[in-house]
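Input: a single structure, listed below in structure tokens.
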Amino acid sequence: MKICNWKLVYPAAIGAALLLASGAGAQQAAGSTGNNSGDPSQPSELSVQVSGVFTRSTTIANAVNPTTVNKHIATNSAGLLVGYRYHFNSWEALEAEFGYTENGQRYYTPATAGGTSGAAYAITSRMYDLDANEVITTPRLLGFFQPFVLAGGGAIAFQPNSNPYGATTQWRPMFDYGAGLDFHIVHLGARIEYRGLIFKVPYFGLAALNTNKYTHIASPSIGLVLTW
């Protein structure tokens, strides 16, 4: 897996967000009169949420001694999730999201019969995720409630806070899915949401830490939504 080149990632992310926003603006300027997010005058949503980040532990049989396993464990953490969503009609929307947290990645390699001693690695890193999702919603129920489901993909990046063991920043392609419920009152509302993220375990450019296994993040969140 290639190490992340931020000179390419940041412009690409900004460009994708601008493209989504400009496309939404163009449709709105063209005078679309369909039933947007339950209120034709409020097709756009900006959300800010506090999230929990819970990563599944991963194990893999040791290459030298298959009766032992290498382990990857990530610490649980709290994070921030910011998103923009544009409703094309009462049932469909597109969104772009940015998530951030800071947690620890721990790797355990056992001793082997070949004489290799066991080792433990701990890397504290900042984690960023950028994704674009297709969102299926319902019209606002009772004028207030709006459930939704979503699926999409993007990239997730791990940036070590320091440089232990020669660790470097690494990104992984990821798939995400989720569901939630919005509660709208005029232009301000609340959102509860669950997202699942699937990606390969990071190894920070260190071959000894490469499990070549997929892991899963469960991320519930709650926050505010501004509509216009």
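Listed here are the residues, each with its yes/no results for (1) within 30 Å of residue 121 (Cα to Cα); (2) at pLDDT below 95; (3) touching a Lys or Arg at 6+ places or on another chain (Cβ under 8 Å); (4) in a strand (DSSP E or B).
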{"site": "37", "(1), (2), (3), (4)": "no, yes, yes, no"}
{"site": "47", "(1), (2), (3), (4)": "no, no, yes, yes"}
{"site": "50", "(1), (2), (3), (4)": "yes, no, no, yes"}
{"site": "53", "(1), (2), (3), (4)": "yes, no, no, yes"}
{"site": "63", "(1), (2), (3), (4)": "yes, yes, no, no"}
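Quick check on residue 67: is it assigned to a loop (DSSP other than H, G, I, E, B) and either modelled with pLDDT of 90 or more or farther than 20 Å from residue 217 by Cβ (or both)?
Values: assigned to a loop (DSSP other than H, G, I, E, B): yes; either modelled with pLDDT of 90 or more or farther than 20 Å from residue 217 by Cβ (or both): yes.
Yes; evaluated as a whole, the condition is true for this residue.
Scanning segment 196-224 for residues that are at pLDDT 90 or above, loosely packed, with under 14 Cβ neighbours inside 10 Å and outside any strand (DSSP E or B) yields a single hit, 213. Checked against (1) more than 24 Å from residue 224 (Cα to Cα); (2) under 10 Å from the mean Cα position of the chain (by Cα), residue 158 meets all criteria but (2). Picking from residues in segment 109-138 that are under 27 Å from residue 160 (Cβ atoms) and exposed (fewer than 14 other Cβ atoms within 10 Å of the Cβ), the one that is modelled with the highest pLDDT is 122. Among the residues examined, residue 106 does not qualify as surrounded by 15 or more Cβ atoms within 10 Å (Cβ to Cβ), modelled with pLDDT of 95 or more, assigned to a strand (DSSP E or B) and of a type outside the set (A, V, I, L, M, F, W, C). Are any residues in segment 119-140 part of a loop (DSSP other than H, G, I, E, B) and not polar (S, T, N, Q), and if so, which ones? Matches in segment 119-140: 139, 140.
Please work out which residue is surrounded by the fewest Cβ atoms within 10 Å (Cβ to Cβ), limiting yourself to segment 145-160 and to residues that are among the hydrophobic types (A, V, I, L, M, F, W, C) and over 14 Å from residue 191 (Cβ atoms). So that I can check it myself, show each step before the final result.
Initial filter on segment 145-160 (among the hydrophobic types (A, V, I, L, M, F, W, C)): 145, 148-151, 155-158.
This time we only want the ones that are over 14 Å from residue 191 (Cβ atoms), so: 151, 155-158.
Numbers: 151: 15, 155: 17, 156: 22, 157: 19, 158: 24.
Restricting to residues being among the hydrophobic types (A, V, I, L, M, F, W, C) and over 14 Å from residue 191 (Cβ atoms), the top hit is 151.
Every condition in (1) in a strand (DSSP E or B); (2) closer than 27 Å to residue 88 by Cα holds for residue 143 except the one numbered (1).
The values are calculated or read from the model by the stated rules, or taken from the named source; none is laboratory data. Worth saying up front: this structure is predicted, and the values here are computed from it rather than measured. Methodologically, a virtual Cβ is constructed for each residue, glycine included, from the backbone with ideal geometry; neighbour enumeration extends over all protein chains shown.
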